[in-house]
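J.: Take this structure first; my questions come after.
The numbers here are math on the coordinates, done by the rules we state, and not lab data. Here the structure is a predicted model, which means the values were calculated and not measured. Here Cβ is always computed from backbone atoms with ideal geometry, including for glycine, and neighbour counts include all displayed protein chains.
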Amino acid sequence: MTSFLTAFFSGTAQGAIYALVSLGLVLVWRGAGIVNFAQMGQAMFTTYIASQLIQHSYSYWSAFVIALISGAALGALVDLGLMRPLTSRKNSQLLNSQSMRTTIPVIASLGILGVLKALAGIFWAGEERGFPSPVAPNAIKIGSTNLAITGFDLFVIGVVFLTLVLTTIFFTKTGMGLAMRASALNPEVTRLSGIKVGSVRTLGWAISGTASSLAGLLVTPRTNLSPNTLDLLLIVGFTAAVVGGLTSLAGSVLGGFILGYVISFVNVYSAPENVFIAILIFLLLALFIRPQGILGSKEVRRV
Amino acid sequence: MLAISNLVTEFASVKALNGVSFQAKPGLITTVIGANGAGKSTLLRTISGLERASSGSIKWFDQELTHKSVESIVRSGIAQVPEGHAVISQLSVGENIELGGLFRKRIARGDLAIATKEVYELFPILYERRNEAAGSLSGGERQMLAISRALVSRPKLLLLDEPSLGLAPLISAQIISIVNDLCRATGLTVLLVEQNANTALAVADHGILLALGKVVADLPAKEMIADSSLRAAYLGY
């Protein structure tokens, strides 16, 4: 029973982080049609910024906030500085085929990932370092009994829960949220409604950057921080996004939690070295049973 | 006044519009008719900025529109209802309408509420179904929704692209008559593109006949209806 509870709570906490990564990927995918492979590179970079600030005796929380703001800025910068010029019409000579138009931004995102890793290497020597958490990573005790959940798990679950509530309110209750959904679903009708779809798209990159930056801050107390630590998170997050349905924000979050439980239960009941193969098997199963994802919609091609 | 002169729009090397010139007077319905492929939709899409003109000019009163973005053209009072009952089917009916007025939320919140109320009065069925997904509407209701989305932006010029396409004759007549009433009551300028020439000419003040990207006739609607040789030559009936 204890091991079941341990697996459950740690799965929830891990799943919460995967949900953030997956949400970030889906936001950009829906808005811009790009799988952003640089996403966790951006998160790695902003986590290094936070780490640097903490070393220079800033408080955890001010570093936390600055990292999130940098995440938003970096996301917006990637769009404005690279993706928008790459996909704009002026370059149509270069991008005259649809396959090039969709491939080039993806390759560009791999390029950004490389640049960010190199920069992290130059600025911070690429050494693995710890990253603090605001709460102790010990199990919570009642009297002398250890509960199956740690204070840090609770912290992660709480922060992500709050983020998801705010995101839901933003998307369903605000005009800007409506504009973002509409831009992703039908850019032409949205533009004809007088909405600057380009700016809305940049906002999507910024929110995605913030979500992944938050994921970086929440995962590194456990994994430590190096230029490569967040790579695995991208793979898991991507799997979660595919499982949940690449086009659905709710699906991406659901996918994140499902992946969290899969990984955590394999870890507890099997062995940590089987986690990776379990992810792949799960992805294949999901693709066989429901290729459009749990909440994804089948693509309708209009003629 | 909408004044179009020598408008050319090219796709690759094909000239979809090949030197189109005409004027549409304010407060009236001007209809653009012509066979499939005549360039009718391209004309509307060029006016609204969705396609770029290679040369020529589009003037709405004093403003030159050819180099403006779609968003700023909409914001200057020109709303397009695109072909195919274009609504966003995954959003609710209410959200589609809200979307049309979103850019006015900060600048004219009070009037936006009035405009929203007005379109619901114009199309009560949309009010009844405001919380349902737009995708669940019938073709005619979708067209009503697409028009409503445009109307809440309080346009001065309404560009309608084939509103009767794919609709039962009774329903398309109903929609065209609502647009007609709206134009007469509010002084809205309407540019109506139609393949169904009879329906369009019945309500229009003026007719423009397009063939292969060129204007071949520019006549008061009544005269165009009467000219059977013109219709035989270009519309095939």
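J.: Any idea how far the Cα center of the stretch A:196-248 sits from the one of the stretch A:31-89, in Å?
T.: Here the answer is 10 Å between Cα centres.
J.: Residues of the stretch A:206-233 with the amide nitrogen closer than 11 Å to a label point 7 Å from the Cα of A:R129, along Cα-to-Cβ, please.
T.: A:225-226
J.: When averaged across all projection directions, what area in nm² does the alpha-carbon convex hull of the stretch B:88-153 cover?
T.: 3.8
J.: Give the separation of the Cα centroids, the stretch A:271-295 to the stretch B:125-142, in Å.
T.: Distance between centres, Cα-based: 38 Å.
J.: In chain B, what percentage of the DSSP-assigned beta bridges are antiparallel, given to the nearest 5? Before the final figure, lay out each step's value.
T.: Values: 22 of 40 bridges.
Percent antiparallel among DSSP bridges in chain B is about 55.
J.: Can you list the residues, at least 5 places off or on another chain, whose amide H is less than 5 Å from the amide H of A:I34, using H built in the peptide plane?
T.: Under 5 Å from the amide H of A:I34 lie the amide H atoms of A:W29, each far enough along the sequence or on another chain.
J.: Would you compute, from DSSP H runs of 4+ residues alone, the mean residue ellipticity of chain B at 222 nm, taking -39500 (n - 2.57) per run and dividing by the full residue count, rounded to the nearest 500?
T.: Here the helix-only value at 222 nm equals -11000 deg cm²/dmol.
J.: Give me a comma-separated list of calculated 3J(HN,Hα) values for the stretch A:124-129, in order, Karplus coefficients 6.51, -1.76, 1.60 applied at θ = phi - 60°, integers in Hz, x for any Gly or Pro.
T.: Rounded to whole hertz, the list is 10, 6, x, 6, 6, 9.
J.: Among DSSP beta bridges lying fully in the protein assembly as shown, give the percent that are antiparallel, nearest 5.
T.: So the antiparallel bridges amount to about 60 percent of the total.
J.: Test of understanding: in a Gaussian network model of chain B with alpha carbons linked when under 10 Å, which of B:Q63, B:Q143, B:Q195 would top the mean-square fluctuation ranking?
T.: Among B:Q63, B:Q143, B:Q195, the largest GNM mean-square fluctuation belongs to B:Q63.
J.: What 222 nm value per residue comes from the helices of chain A, counting each DSSP H run with n ≥ 4 as -39,500 (n - 2.57) and dividing by all residues, nearest 500 deg cm²/dmol?
T.: Values: 12 runs with 215 residues, N = 303.
About -24000 deg cm²/dmol.
J.: Using modelled backbone amide H atoms (1.01 Å from N, in-plane), which distant-in-sequence or interchain residues come within less than 5 Å of B:S54's amide H?
T.: Distant-sequence amide H within range of B:S54: B:V8, B:T9, B:E10.
J.: Continuing with the same structure: Under 20 °C and 1.002 mPa s, how fast does chain A diffuse according to Stokes-Einstein, given a Kirkwood radius computed over C-alpha pairs? Answer in µm²/s, whole number.
T.: In µm²/s, the coefficient is 107.
J.: Once you keep just the Cα pairs under 8 angstrom separated by 6 or more residues, what percentage relative contact order results for the stretch B:88-153?
T.: 56 percent.
J.: Taking R0 as 30 Å, what FRET efficiency do you get between B:Q90 and A:A118 from their Cβ-Cβ distance, rounded to the nearest 0.05?
T.: Details: r = 41 Å, r/R0 = 1.36.
Efficiency at R0 = 30 Å is approximately 0.15.
J.: What spacing in nm lies between the two simple spin-label points modelled at B:A113 and A:T172, each 7 Å away from Cα in the Cβ direction?
T.: Label at B:A113, label at A:T172, 2.4 nm between them.
J.: Convert each backbone phi in the stretch A:165-179 into a coupling constant with the Karplus relation 6.51 cos²θ - 1.76 cosθ + 1.60 (shift: θ = phi - 60°), then list the ³J(HN,Hα) values in order as whole Hz, x for Gly and Pro.
T.: Whole-Hz 3J(HN,Hα) from phi for the stretch A:165-179: 5, 4, 4, 4, 4, 4, 6, 9, 10, 10, x, 5, x, 4, 4.
J.: Oh, and also: Sort B:34-41, B:211-218 by packing, meaning the average of other beta carbons within 10 Å per residue, with the highest value first.
T.: B:34-41, B:211-218
J.: Can you compute 3J(HN,Hα) from phi for each residue in the stretch A:72-82, using the Karplus curve 6.51 cos²θ - 1.76 cosθ + 1.60 with θ = phi - 60°, rounded to whole Hz and x for Gly and Pro?
T.: 5, 5, 5, x, 5, 5, 4, 5, 5, x, 10
J.: Across 10 Å bins from 0, what is the distribution of all Cα-Cα pair distances for the protein assembly as shown, in whole percents?
T.: Calculated over all Cα pairs of the protein assembly as shown, the distribution is 4, 16, 23, 21, 15, 11, 7, 3, 1, 0 percent.
J.: So if I restrict to the alpha-carbon atoms in chain B, what is the Rg, and what is Dmax, the biggest pairwise distance, in Å?
T.: 17.3, 53
J.: Does the stretch A:95-191 come out rounded, prolate or oblate, given a ≥ b ≥ c as the square roots of the eigenvalues of its C-alpha gyration tensor, rounded meaning a/c under 1.5 and, failing that, prolate meaning a/b above b/c?
T.: The shape class here is oblate.
J.: In degrees from 0 to 90, rounded to the nearest 10, what is the angle of the helix A:39-55 Cα long axis to the longest principal axis of chain A?
T.: For helix A:39-55, the angle is close to 50 degrees.
J.: Pop a pseudo-label 7 angstrom from the Cα along the beta-carbon direction at both B:S21 and B:L170 and give the gap in nm to one decimal.
T.: 4.7
J.: Further question on the same structure: Using +1 on the beta carbon of Lys and Arg, -1 on that of Asp and Glu, and nothing else charged, what's the dipole of the stretch B:101-182 about the Cα centre, debye to 20?
T.: 520
J.: Follow-up. Pop the C-beta distance of B:E132 and A:Q292 into the FRET formula with R0 = 30 Å and round what comes out to the nearest 0.05.
T.: The calculated FRET efficiency here is 0.85.
J.: Then there is this: What residues have an amide H closer than 5 Å to that of B:V32, excluding those fewer than 5 places away on the same chain, when H is modeled at 1.01 Å from N in the peptide plane?
T.: Long-range HN contacts for B:V32: B:L192, B:V193, B:E194, B:I208.
J.: Sticking with this one: Please say if the stretch A:244-292 is rounded, prolate or oblate, where rounded means a/c under 1.5 for a ≥ b ≥ c the square roots of the C-alpha gyration tensor eigenvalues, and otherwise the choice is prolate for a/b larger than b/c and oblate otherwise?
T.: oblate
J.: Any chance you could check the Cα centroid distance between the stretch B:18-67 and the stretch B:158-177 for me, in angstrom?
T.: The stretch B:18-67 and the stretch B:158-177 have Cα centres separated by 20 Å.
J.: How long are the semi-axes of the ellipsoid equivalent to the stretch B:116-194, from square roots of 5 times the Cα gyration tensor eigenvalues, in whole Å, largest first?
T.: The answer is 19, 16, 11 Å, longest axis first.
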